[in-house]
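Peer 1: Sending over a structure as structure tokens; questions will come in a sec.
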Amino acid sequence: MRHNCFLSIVCGLALASLPAIAQAQTPDADICKNDPRFRALDYVLGDWDVYSGEAKTAEVKMELILNDCVIKETWTVINGRSTGNGIGLFNYSPLLSNWGYYWATDNGSTTSFRGMLIEPGEMRFITERPLDEGKMRLRHWTLYAMEDGTIRELSVGTEGADQGWTTEYDLRWVRKP
């Protein structure tokens, strides 16, 4: 009986302290607005038309959500395609000291990336995809802020150091008026 009483007191004290612990771990609501690490990808914010060569292939909306801590991407394909639309979430992780990106589409595809700022206006994300026979495909996906105000989205991949890098796609984003 004393053991149960002791546990009840300990559990009660632990539960009573949870709000204080949660508050101590909860960042200031403006932390993301004021921390330049969270602002490193702001150059992509807005509404864009996306081109592959001269053909418009998609529209993308990039907007801040969740106290400006996350960038939400809404990707809409055009030209009669019914799938390939997607939602992406970008955020900086102070815990991991890098960016994260999670992509999901209307055809069941998902991918997660880790990212890093190469230099202002150049953010690179990396992911790996398992292949047959234990091989892995490494992918570098980069968003470049171009001098003319457009964004270059370049994805390259390799299946090994001796295989070289191949371009998966090279897109140009033009800001909507």
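The values are calculated or read from the model by the stated rules, or taken from the named source; none is laboratory data. For clarity, every value in this text was computed on a predicted model and none was experimentally measured. Every residue, glycine among them, receives a Cβ derived from its backbone with ideal geometry; neighbour counts consider all protein chains shown.
Peer 1: Please specify each residue of the range 111-126 satisfying the condition of being assigned to a strand (DSSP E or B) and either at pLDDT below 95 or surrounded by fewer than 17 Cβ atoms within 10 Å (Cβ to Cβ) (or both).
Peer 2: T111, S112, R114, M116, L117, I118, E119, E122, I126
Peer 1: Could you tell me whether S155 is in the same structural domain as L89 (by TED's automatic domain parsing), assigned to a strand (DSSP E or B), among the hydroxyl-bearing types (S, T, Y) and more than 21 Å from V50 (Cα to Cα)? Step through it out loud before you land on a result.
Peer 2: On the way: in the same structural domain as L89 (by TED's automatic domain parsing): yes; assigned to a strand (DSSP E or B): yes; among the hydroxyl-bearing types (S, T, Y): yes; more than 21 Å from V50 (Cα to Cα): no.
Answer is no for this residue.
Peer 1: If you don't mind, there's one more thing I want to ask. From G84, G157, which residue is more than 25 Å from R175 (Cβ to Cβ) and out of contact with any helix residue (DSSP H, G or I) (no Cβ under 6 Å at 6 or more places or on another chain)?
Peer 2: Only one candidate passes the filter, namely G157.
Peer 1: Of all residues in the range 36-60, which are closer than 23 Å to P120 by Cβ and assigned to a strand (DSSP E or B)?
Peer 2: G46, D47, W48, V50, V60
Peer 1: State which residue is farthest from the chain's Cα centre (by Cα) when the search covers only the range 156-177 and only residues that are surrounded by fewer than 16 Cβ atoms within 10 Å (Cβ to Cβ) and closer than 17 Å to W75 by Cα. I'd like the intermediate steps shown before the answer.
Peer 2: Step one: of the range 156-177, the residues surrounded by fewer than 16 Cβ atoms within 10 Å (Cβ to Cβ) are 158-170, 174-177.
Right, trim to closer than 17 Å to W75 by Cα and you get 169-170, 174-176.
Working: Y169: 18, D170: 18, V174: 20, R175: 20, K176: 22 Å.
Of everything passing the filter in the range 156-177, K176 is farthest from the chain's Cα centre (by Cα).
Peer 1: Shifting gears a bit: Filter the range 77-104 for residues that are more than 14 Å from the chain's Cα centre (by Cα), surrounded by 14 or more Cβ atoms within 10 Å (Cβ to Cβ) and not aliphatic (A, V, I, L, M) and give the result.
Peer 2: Scanning the range 77-104 gives G84, N85.
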